[in-house]
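Here is the structure we will look at, set down as structure tokens.
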Amino acid sequence: MISIKNFSKAYTKNNYVVKNLNVELAEGDICAFVGHNGAGKTTTLKCIVGILEFKEGEILLNNKSIKKEPIACKNEIAYIPDNPNLYEHLRGIDYINFIASVYKIPQNKKIALAQKYSEMFEMTNFLNQEIGSYSHGMKQKISLIAALMHEPKILILDEPFVGLDPVSTHNLKQEMHNLATNGATTIFSTHILDVAEKLCNKIVILKEGKLIYSGEMNSLIQNKSLEEIYMEIDNNVESI
């Protein structure tokens with residue numbers, strides 16, 4: 001469960017990147033954050049996971065405050081930024097093992113999950129190579145493998161499909177559905193509207209830091225495509 005209440009974030013006084021955002025997501029929801037570059041998507045995601053501090057409003061993750069109980073919240077989160085910063089001198093398997101140790105995953109479970117996700121993202125043959133030798137897409141994959149190792153209850157992804165090949169894109173979408181079936185809540189930002197339309201049951205649309213829509217995907221699109229709806233919103237209205 002994710003509850004964002006009256007959340008605002010300004011980097012300088014009265015210069016708000018996000019203003020008065022309210023979003024409610026339940027267990028099993030898959031939600032897309034959609035909007036222009038600079039709409040406030042990445043800033044919001046970084047505040048949800050505790051990377052950025054904020055003063056106005058509250059963000060609750062499974063009824064725990066990210067401001068008041070950051071460690072407890074982060075134990076339940078997996079976060080993948082749009083440009084993962086990894087320890088490039090480590091081998092892929094070393095990075096996976098490091099993240100697994102942070103979350104205290106038992107040895108037998110760690111081995112099984114590392115094998116599962118390495119096969120899922122076609123990285124098995126590259127785990128003994130240094131991360132510095134990886135392409136952008138391979139770095140994205142190793143980040144996903146490490147993030148999924150502790151079977152997170154909340155998954156936060158910033159542009160997760162950029163750089164992934166078609167097979168890995170398909171498998172990531174399937175894994176999002178699997179996590180949702182088991183009660184996990186997922187938010188991801190994206191500019192790929194057809195992926196958001198097909199994958200998500202919830203959607204949040206931001207424009208210049210303001211909430212335009214938050215709710216059920218089906219209630220928004222009805223007999224139109226998400227792309228058509230988005231263009232109408234962008235061209236004609238401030239909120240719906």
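What's the carbon and sulfur percent of the chain's accessible surface, probe 1.4 angstrom, rounded to a whole number?
The value for the chain is 48 percent carbon and sulfur by accessible area.
With all pairs of different alpha carbon atoms counted, what Kirkwood hydrodynamic radius in Å does the chain show? Walk me through the intermediate numbers first.
Values: mean 1/r = 0.0541 Å⁻¹.
Hydrodynamic radius (Kirkwood, Cα only) of the chain equals 18.5 Å.
Extending each Cα 7 Å along its Cβ direction at Q129 and H170, get the distance between those two points in nm, one decimal.
Output for this residue pair reads 2.3 nm.
Cα to Cα, under 13 Å, and not fewer than 8 places away if on the same chain: which aspartates and glutamates meet these conditions relative to K19?
E56, E58, E208
So how strong a dipole does the chain carry about its Cα centre when Lys and Arg Cβ are +1 and Asp and Glu Cβ are -1, to the nearest 20 debye?
820
Rule-of-thumb check for the stretch 86-171: C-alpha Rg over 2.2 N^0.38 Å? Please report the intermediate quantities before stating the final value.
On the way: Rg = 12.1 Å, N = 86, 2.2 N^0.38 = 12.0 Å.
Compared with the compact-globule rule of thumb, the stretch 86-171 sits at 1.01.
For the chain, report the accessible area per residue in Å² (1.4 Å probe, heavy atoms, rounded to an integer).
The answer is 49 Å² per residue.
Mind putting a number on the dipole of the stretch 1-131 about its Cα centre? Charges go on the C-beta only, +1 for Lys and Arg and -1 for Asp and Glu, and I need it in Debye to the nearest 20.
460
Can you give the calculated 222 nm mean residue ellipticity of the chain, where each DSSP H run of n ≥ 4 adds -39,500 (n - 2.57) and the sum is split over every residue, rounded to the nearest 500 deg cm²/dmol?
Here the helix-only value at 222 nm equals -11000 deg cm²/dmol.
Restricting to DSSP loop positions (anything but H, G, I, E, B) with no more than 13 other Cβ atoms inside 10 Å of their own Cβ, which GluC sites (Glu not before Pro) remain in the stretch 134-240?
E238
How about K173: which lysines have a C-alpha closer than 24 Å to its C-alpha, ignoring those fewer than 8 places off in the same chain?
K41, K46, K74, K109, K110, K116, K139, K141, K153, K198, K202, K224
So for the pair N75, D94, with labels modelled 7 Å out along Cα→Cβ, what separation do we get in nm?
For the pair N75/D94, the computed spacing is 2.9 nm.
Which of F121, S135, V195 sits farthest toward the positive end of the charge dipole of the stretch 101-240, with +1 on the Cβ of Lys and Arg and -1 on the Cβ of Asp and Glu?
The residue sitting farthest along the positive end of the dipole is F121.
Which value, in Å to one decimal place, does the Kirkwood hydrodynamic radius take for the stretch 140-240 when every pair of different Cα atoms is included?
Evaluated on the stretch 140-240, it is 14.8 Å.
With charges set only on the Cβ (+1 for Lys and Arg, -1 for Asp and Glu), what does the dipole of the stretch 153-231 come to about its Cα centre, in debye to the nearest 20?
It works out to roughly 260 debye.
At a 1.4 Å probe radius, which order do D82, D94 fall into by accessible area, largest first?
From most accessible down to least: D82, D94.
Can you list residues whose amide H is under 5 Å from I212's amide H, if they're 5+ apart or on another chain and H is modeled 1.01 Å from N?
For I212, whose amide H was placed from the backbone, the distant partners under 5 Å are I205, L206, K207.
Can you sort V34, V17 by 1.4 Å-probe accessible area, starting with the largest? All intermediate terms of the calculation are to be shown ahead of the outcome.
On the way: V34 5, V17 35 Å².
Putting V34, V17 in descending order of accessible area: V17, V34.
From largest accessible area down, sort D29, D234; use a 1.4 Å probe on the protein chains.
Order by accessible area, largest first: D234, D29.
Taking 0.36 nm per residue of sequence separation and subtracting the Cα-Cα distance, how much length would be gained by fully extending the chain between I221 and K104, in nm to one decimal?
37.9 nm
Using only the alpha carbons of the stretch 1-95, what is the convex hull's orientation-averaged projected area in square nanometres? Before the final figure, lay out the partial values.
On the way: hull surface 30.6 nm².
Mean orientational projected area (the stretch 1-95, Cα hull): 7.7 nm².
In whole Hz and in residue order, list the ³J(HN,Hα) couplings for the stretch 149-162 that follow from phi through the Karplus curve 6.51 cos²θ - 1.76 cosθ + 1.60, θ = phi - 60°; x for Gly and Pro.
My calculation for the stretch 149-162 gives 4, 9, 6, x, 7, 9, 10, 10, 10, 9, 6, x, 8, 5 Hz in order.
The values are calculated or read from the model by the stated rules, or taken from the named source; none is laboratory data. In this text, all values refer to a predicted model and were calculated from it rather than measured experimentally. Quick reminder, even Gly has a Cβ in these numbers, built from the backbone with ideal geometry, and neighbours come from all protein chains shown. All accessible areas refer to the heavy atoms of the entire protein, side chains included, with ligands and DNA or RNA removed. Shrake-Rupley method; radii C 1.70, N 1.55, O 1.52, S 1.80 Å.
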